[in-house]
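The values are calculated or read from the model by the stated rules, or taken from the named source; none is laboratory data. Since this is a predicted model, take the numbers as computed values, not measurements. Note: ideal-geometry Cβ built from the backbone for every residue, glycine included; neighbour counts use all protein chains shown. Please note that ligands, DNA and RNA were not included when accessible areas were found on the heavy atoms of the full protein model with its side chains. Shrake-Rupley method; radii C 1.70, N 1.55, O 1.52, S 1.80 Å.
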Amino acid sequence: MKSGMNKLVRLIRHRWMDAADTRRTVPDAMADRLATWVAASEQRHTGQIRLCVECALPTSYLWRVGPAAPLSVVVRQRALAWFGRLRVWDTERNNGVLIYLLLAERAIELVADRGLARCVPAARWQAMVDGLGEHLHKGDVEAGLTQALAEVSAVLVEHFPTDGAVAHINELPDVIIRV
């Protein structure tokens, strides 16, 4: 019975939220500052960074949550879906990164493409997620996202710096996705 009640509460919470919640969490001015930060970061490395803030999971994802697929697995599946939808996987050097926030669950995922994922241990990605989570828990969304962008950028500069001889090619839009 408790499991069914948890599922109902989760369903209500996700259906209650909408895109206005996302825009309150990341207002236009903040989204513009973050997009500018992404663009500046990408001048220092050959990777691509995308940031997606989603208010709630679609119902089809909510029904997946259960013993066979805990919430963390379902959130990861959703982040991977956005990773594909935003074409982060489609960069020349396979070094794109998606920073994904799911507001209804206060969940965070970092998804790195295969070229970068093999260079960086999972513990380092988890430390970035933990740092962002601490800021979000305090309600300091912009500082948390800026710190996460800085840390992801540092990893990209370390492993995929620009060589200076080739002009930077921006393969993906820098705009922040808010849904």
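Across segment 48-72, the qualifying residues are those that are open to solvent by less than 30 Å² (accessible area, probe 1.4 Å) and assigned to a helix (DSSP H, G or I), and the one among them that is modelled with the lowest pLDDT is Leu62.
Quick check, is Val38 in a helix (DSSP H, G or I) and either touching a residue at least 24 places away in the same chain (Cβ under 8 Å) or buried (at least 20 other Cβ atoms within 10 Å of the Cβ) (or both)?
Details: in a helix (DSSP H, G or I): yes; either touching a residue at least 24 places away in the same chain (Cβ under 8 Å) or buried (at least 20 other Cβ atoms within 10 Å of the Cβ) (or both): yes.
Considered against the rule, which asks whether it is in a helix (DSSP H, G or I) and either touching a residue at least 24 places away in the same chain (Cβ under 8 Å) or buried (at least 20 other Cβ atoms within 10 Å of the Cβ) (or both), Val38 comes out as yes.
Here Ala79 clears all of (1) buried (at least 20 other Cβ atoms within 10 Å of the Cβ); (2) in a helix (DSSP H, G or I); (3) out of contact with any Asp or Glu (no Cβ under 6 Å at 6 or more places or on another chain) except the condition numbered (3).
For Ala20, the criteria (1) open to solvent by 20 Å² or more (accessible area, probe 1.4 Å); (2) touching a strand residue (DSSP E or B) at 6+ places or on another chain (Cβ under 6 Å) hold in every case but one, which is (2).
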